[in-house]
1. Pull out all pairs, ordered by first then second residue, where Cβ-Cβ is under 9 Å, the residues are six or more apart or on different chains, the first lies in the range 109-124 and is farther than 18 Å from Ala44 by Cβ, and the second is charged (D, E, K, R).
2. Within the range 24-55, work out how many residues are touching a residue at least 12 places away in the same chain (Cβ under 8 Å), of a type in the set (A, V, I, L, M) and outside any strand (DSSP E or B).
3. Would the range 26-40 turn up any residue that is at pLDDT 80 or above, touching a Lys or Arg at 6+ places or on another chain (Cβ under 6 Å) and surrounded by fewer than 16 Cβ atoms within 10 Å (Cβ to Cβ)?
4. Just the residues that are surrounded by fewer than 19 Cβ atoms within 10 Å (Cβ to Cβ), closer than 18 Å to Ile108 by Cβ and either touching a His at 6+ places or on another chain (Cβ under 8 Å) or at pLDDT below 75 (or both), please, taken from the range 62-81.
5. Answer yes if at least one residue in the range 10-17 is modelled with pLDDT under 80, in a helix (DSSP H, G or I), out of contact with any helix residue (DSSP H, G or I) (no Cβ under 8 Å at 6 or more places or on another chain) and under 29 Å from Leu165 (Cα atoms), and no otherwise.
6. Tell me whether the range 143-156 contains one or more residues that are aliphatic (A, V, I, L, M) and over 30 Å from Lys191 (Cβ atoms).
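The values are calculated or read from the model by the stated rules, or taken from the named source; none is laboratory data. What you are looking at is a predicted structure, and each value in this text was computed from that prediction instead of being measured. Cβ coordinates were reconstructed from backbone atoms using ideal geometry, including for glycine residues, and neighbour counts include every protein chain displayed.
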Amino acid sequence: MNIEEFHNRIRELYSPPENKFTLVDVPEIRFAVIDGKGDPQGEACAYAVKWLYSLVHIVKPIVQERMGKNFVYPPLEFLHWADSEKDFIEGNKEKWRWRAMIVFVDWITQETFTDAIAEVEKKLGPAPKTLRLENLHEGKSVQIMHVGDYEEIGSICEKLYKHYLPENNLKPCGYYHEIYLNDPARVAPEKRKTVLRQPVE
């Protein structure tokens, strides 16, 4: 999906209703991604986030040239899963796997991406081994907007997996997805906005 299409669908994809599960058809979107394992609040995850935002900062002038004032920094996104479903459901985060992601529009070429990596390496050192461009097509998904502390997300997921999905004859068919619409370092816990998404069949 190119940047114009992405911007046209931002409200649908990134602004679902609060406290209400809704269905959405998510198109194929390209991301810069970094894979990791362990607590999403740990140092490895923080380093991945630093890398992704550093890359966006490098390509920002290219995007602004095409989009002008319409350009906004895309939100940070995460996929979460575990080798054992039990570890994921019970919140054993040290055993979780994660994929940190940030949208990279289609017309940013692999060459531009490689050049941006080289620039960031001058400041941060060697790039994470799993850093790459990857397309994600989630398709039919259930999502909800949560406004509040991240600690409250577990109870929403419980409602999703134990009630909403089975009651609507739906099953998870992809990785659980969180989208962080604001910076937790700058926003009070009760005002944090997070889109929770689960691809389904």
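1. Phe113/Arg132
2. Looking only at the range 24-55, we keep the residues that are touching a residue at least 12 places away in the same chain (Cβ under 8 Å), and these are 24-41, 45, 47-55.
Checking the rest, the ones that are also of a type in the set (A, V, I, L, M) come to 24, 26, 29, 32-34, 48-49, 52, 55.
Of the ones still in play, those that are also outside any strand (DSSP E or B) are 48-49, 52, 55.
Final tally of qualifying residues: 4.
3. Checking the range 26-40: at least one residue is at pLDDT 80 or above, touching a Lys or Arg at 6+ places or on another chain (Cβ under 6 Å) and surrounded by fewer than 16 Cβ atoms within 10 Å (Cβ to Cβ).
4. Ile62, Gln64, Glu65, Arg66, Met67, Gly68, Asn70, Phe71, Val72
5. Of the residues in the range 10-17, the ones modelled with pLDDT under 80 are 10-11.
Right, trim to in a helix (DSSP H, G or I) and you get 10-11.
The next check asks that each one be out of contact with any helix residue (DSSP H, G or I) (no Cβ under 8 Å at 6 or more places or on another chain); those that pass are 10-11.
Still in the list and also under 29 Å from Leu165 (Cα atoms): 10-11.
There is at least one residue in the range 10-17 that is modelled with pLDDT under 80, in a helix (DSSP H, G or I), out of contact with any helix residue (DSSP H, G or I) (no Cβ under 8 Å at 6 or more places or on another chain) and under 29 Å from Leu165 (Cα atoms).
6. Narrowing the range 143-156 to residues aliphatic (A, V, I, L, M): 144-145, 147, 153, 156.
From the residues that got through so far, the ones that are over 30 Å from Lys191 (Cβ atoms) too are none.
For the range 143-156, residues aliphatic (A, V, I, L, M) and over 30 Å from Lys191 (Cβ atoms): absent.
Results for (1) at pLDDT below 90; (2) on the phi < 0 side of the Ramachandran plot; (3) touching a Ser or Thr at 6+ places or on another chain (Cβ under 7 Å), shown as yes or no for each residue.
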position: Val59; (1), (2), (3): yes, yes, yes
position: Asn92; (1), (2), (3): yes, yes, no
position: Trp96; (1), (2), (3): yes, yes, no
position: Val120; (1), (2), (3): no, yes, yes
